[in-house]
Amino acid sequence: MTFPPDFLWGTATSAYQVEGGNANSDWWAWEEAGHTLNGDRSRAACDWWANAERDLDLAAELGTNAHRLSLEWSRIEPEPSVFDPEALARYRAILEGCHARGLEPMVTLHHFSNPLWLAEKGDFNSDVVVDYFRRYTAKVVGELGDLIPTWVPINEPVTYSVMRYLIGAFPHQRHTGLGALMEGLHNLLRCHAAAYHTIKAAYPAAQVGTADNLQIFEARPDGTALDRWWAGRVSRFYNDAWPDALHTGRFHGLAGSRRMKDIAGTFDFNGINYYTRFYVRFPPRAGFVEREWGPEALVSDGDYGEVYPYGLYRVIDRVWKRYGKPIYITENGVPDAADRLRPGFLLDHLRQVWQAISFCYPIMGYYHWSLLDNFEWERGWSQRFGLIALDPETQERTWRPSAHLYREICRSYTLTDDMAARYAPEMLPIMWPGAEPGLSSEP
Ligand code: FCB
């Protein structure tokens, strides 16, 4: 299964999860207040602020030609309207480090973390946020824009809002509940649009898009008509509300839909962060989604979710039909410390991408989450998403078998039955039924 020669093979990280020592962020205070699993702290994380280059070297050794990373607003603007030239210089060095290693950077401006001062002003529940975000973006564009071909203003705005306002697992201030969530989303949309216009004014050829957490929500096969109706509602809110608003310029809030100025069409591509499928039922029991799977399901660490590769094809199809823009898989991965599922996960999810490309869906690149284990938000260090394992105490890095597999894929631009035979033999009958290992990959 061969990929196009200009395909981008990447990995993805976010600033807060890898840099370490982000003491001016609302997440740092959240950790300090004991809100993470087992009281885990990010501490030095993957030590990127001191030495991102060590892992960029690994990304290059993996054979990738792209990397998705984010900037930490609280470093760049540690106090309102005070920008830190040293932080900007450090990001310049990291971005130049990407280019020097042949890694095309995709840069996210906001990935779940706010400057503490902004949180204290009410962040996305305060009107001031839009101007602050515009100015932060303008500063980044002015200082670093020449190094950034591809931008994502806001990572997973809907997930971010649900985790803050409904589940309460991400840092939030006094505002919680559905009304605050809708107000927050509305301001996130305004921030996105402000960033889009600011970037495009300076760099018209820059590509600016989304990174939406798109998942499959469905009723169980034996579910009721009400379950199916509810699954549709949940999916429309979770998967479609944000990109629909950017597409049409109308945001469907609680009190009906409202037209928003200057937002229609403010995305050049759809970024898909795809992880799993959720079953839902109506009325929902504890939580929004079911956490029980059938005996056949492959379930990843910490009951994070089921491995469901075909779901990636389904969300690609949905996004293409709704918006008709180029598509990047901006995140896809699995928490799997023992690397029990990941080799098969990689092969089968990439097979879905290959199949979509073969049917002429414009998929430009794939960024695996993640390059190496990192600080997994409210779940602390309990979930290991890395191709490369990290011991946060010693900072020792160890290649998991999946890292070797991904290297073979990135270097050859193919998936072969021979790879499956060596890394995930369980995938042979699924992906190459009837093949004898090795035969089809011979020259
Ligand atoms: C995504 C987030 C990313 C990471 C992965 C596992 O929703 O964007 O930061 O937490 O999940």
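The values are calculated or read from the model by the stated rules, or taken from the named source; none is laboratory data. Remember, it's a predicted structure, so these values are computed and weren't measured experimentally. Backbone-built Cβ (ideal geometry, glycine too); neighbour counts: all protein chains shown. Side chains included, ligands, DNA and RNA excluded: accessible areas come from the protein's heavy atoms. Shrake-Rupley method; radii C 1.70, N 1.55, O 1.52, S 1.80 Å.
For the range 378-394, does any single residue satisfy the condition of being aromatic (Phe, Trp, Tyr) and within 16 Å of the ligand (Cβ to nearest atom)?
yes
Pairs under 6 Å by beta carbon, first residue free of Cβ contacts under 8 Å to residues at least 24 places away in the same chain and part of a loop (DSSP other than H, G, I, E, B) in the range 363-387, partner polar (S, T, N, Q) and within 8 Å of the ligand (Cβ to nearest atom), six or more apart or different chains?
Hits for this filter: Gly386/Ser370.
How about the range 237-279: which strands (runs of 3 or more DSSP E) wholly inside it have at least 1 residues that are farther than 20 Å from Gln352 by Cβ, more than 16 Å from the ligand (Cβ to nearest atom) and of a type in the set (Lys, Arg)?
Output list reads 250-253, 256-259.
When you scan the range 315-324, do you find a residue that is of a type in the set (Ser, Thr, Tyr), surrounded by 22 or more Cβ atoms within 10 Å (Cβ to Cβ) and away from the ligand (no atom under 11 Å from the Cβ), even just one?
No, because not a single residue in the range 315-324 is of a type in the set (Ser, Thr, Tyr), surrounded by 22 or more Cβ atoms within 10 Å (Cβ to Cβ) and away from the ligand (no atom under 11 Å from the Cβ).
When you scan the range 340-357, how many residues do you find that are open to solvent by 10 Å² or more (accessible area, probe 1.4 Å) and in contact (Cβ under 8 Å) with a residue 24 or more places away in the chain?
The qualifying residues number 7.
Residue-by-condition table, conditions (1) in a helix (DSSP H, G or I); (2) under 17 Å from Tyr275 (Cβ atoms); (3) touching a helix residue (DSSP H, G or I) at 6+ places or on another chain (Cβ under 7 Å):
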residue	(1), (2), (3)
Tyr313	yes, yes, yes
Ala338	no, no, no
His349	yes, yes, yes
Ile357	yes, no, no
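Taking the range 351-377 as the region of interest, how many residues are within 16 Å of the ligand (Cβ to nearest atom) and either over 19 Å from the mean Cα position of the chain (by Cα) or among the aliphatic types (A, V, I, L, M) (or both)?
Of the residues in the range 351-377, 2 are within 16 Å of the ligand (Cβ to nearest atom) and either over 19 Å from the mean Cα position of the chain (by Cα) or among the aliphatic types (A, V, I, L, M) (or both).
Among the residues of the range 49-68, count how many are open to solvent by less than 10 Å² (accessible area, probe 1.4 Å) and within 17 Å of Ala93 (Cα to Cα).
Adding up the residues that qualify gives 7.
Please tell me if Phe282 is over 21 Å from Ala211 (Cβ atoms) and of a type in the set (A, V, I, L, M, F, W, C).
So Phe282 passes the test.
Which members of the range 1-27 meet the condition of being more than 16 Å from the ligand (Cβ to nearest atom) and over 30 Å from Ala420 (Cα atoms)?
Selection gives Gly21, Ala23, Asn24.
Just checking, which of Glu408, Glu378, Glu396 is open to solvent by 20 Å² or more (accessible area, probe 1.4 Å) and either at pLDDT below 95 or out of contact with any helix residue (DSSP H, G or I) (no Cβ under 8 Å at 6 or more places or on another chain) (or both)?
Step by step, each of Glu408, Glu378, Glu396 is checked, and only Glu396 is open to solvent by 20 Å² or more (accessible area, probe 1.4 Å) and either at pLDDT below 95 or out of contact with any helix residue (DSSP H, G or I) (no Cβ under 8 Å at 6 or more places or on another chain) (or both).
Hey, among Asp26, Asp84, which residue is in contact with a Leu (Cβ under 6 Å, 6 or more places away or on another chain), acidic (Asp, Glu) and under 24 Å from Tyr132 (Cβ atoms)?
Of Asp26, Asp84, the one residue that is in contact with a Leu (Cβ under 6 Å, 6 or more places away or on another chain), acidic (Asp, Glu) and under 24 Å from Tyr132 (Cβ atoms) is Asp26.
Can you tell me which residues in the range 243-254 are closer than 16 Å to Leu181 by Cβ and open to solvent by less than 10 Å² (accessible area, probe 1.4 Å)?
Ala245, Phe251
Could you please find all residues in the range 82-116 being free of Cβ contacts under 8 Å to residues at least 60 places away in the same chain and either under 20 Å from Ile199 (Cβ atoms) or touching a strand residue (DSSP E or B) at 6+ places or on another chain (Cβ under 7 Å) (or both)?
The answer is Phe83, Ala87, Leu88, Tyr91, Arg92, Ile94, Leu95, Glu96, Cys98, His99, Pro105, Val107.
If you take the residues of the range 1-58 that are touching a Gly at 6+ places or on another chain (Cβ under 7 Å) and among the polar types (S, T, N, Q), which of them is nearest to Arg411 (Cα to Cα)?
Restricting to residues being touching a Gly at 6+ places or on another chain (Cβ under 7 Å) and among the polar types (S, T, N, Q), the top hit is Ser42.
Condition check: within 16 Å of the ligand (Cβ to nearest atom) and at pLDDT below 95. Does Leu178 satisfy that?
No; evaluated as a whole, the condition is false for this residue.
Which residues, taken from the range 1-41, are within 20 Å of the chain's Cα centre (by Cα), among the aromatic types (Phe, Trp, Tyr) and assigned to a loop (DSSP other than H, G, I, E, B)?
Phe7
Checking the conditions here, which among His197, His192, His186 is within 16 Å of the ligand (Cβ to nearest atom), over 18 Å from Asp26 (Cα atoms) and assigned to a helix (DSSP H, G or I)?
His192
Taking the residues in the range 88-139 that are in a helix (DSSP H, G or I) and among the β-branched types (Val, Ile, Thr) as candidates, determine which candidate is most open to solvent (accessible area, probe 1.4 Å).
The extreme case among them is Val128.
Counting only residues that are touching a strand residue (DSSP E or B) at 6+ places or on another chain (Cβ under 8 Å), assigned to a helix (DSSP H, G or I) and either open to solvent by 10 Å² or more (accessible area, probe 1.4 Å) or free of Cβ contacts under 8 Å to residues at least 24 places away in the same chain (or both), how many does the range 213-231 have?
Of the residues in that region, 1 qualify.
Among the residues of the range 284-307, what is the count of those that are within 18 Å of the chain's Cα centre (by Cα) and open to solvent by less than 30 Å² (accessible area, probe 1.4 Å)?
4
All but one of (1) open to solvent by 50 Å² or more (accessible area, probe 1.4 Å); (2) more than 18 Å from Asn239 (Cα to Cα); (3) away from the ligand (no atom under 16 Å from the Cβ) hold for Ala337; which doesn't?
(3)
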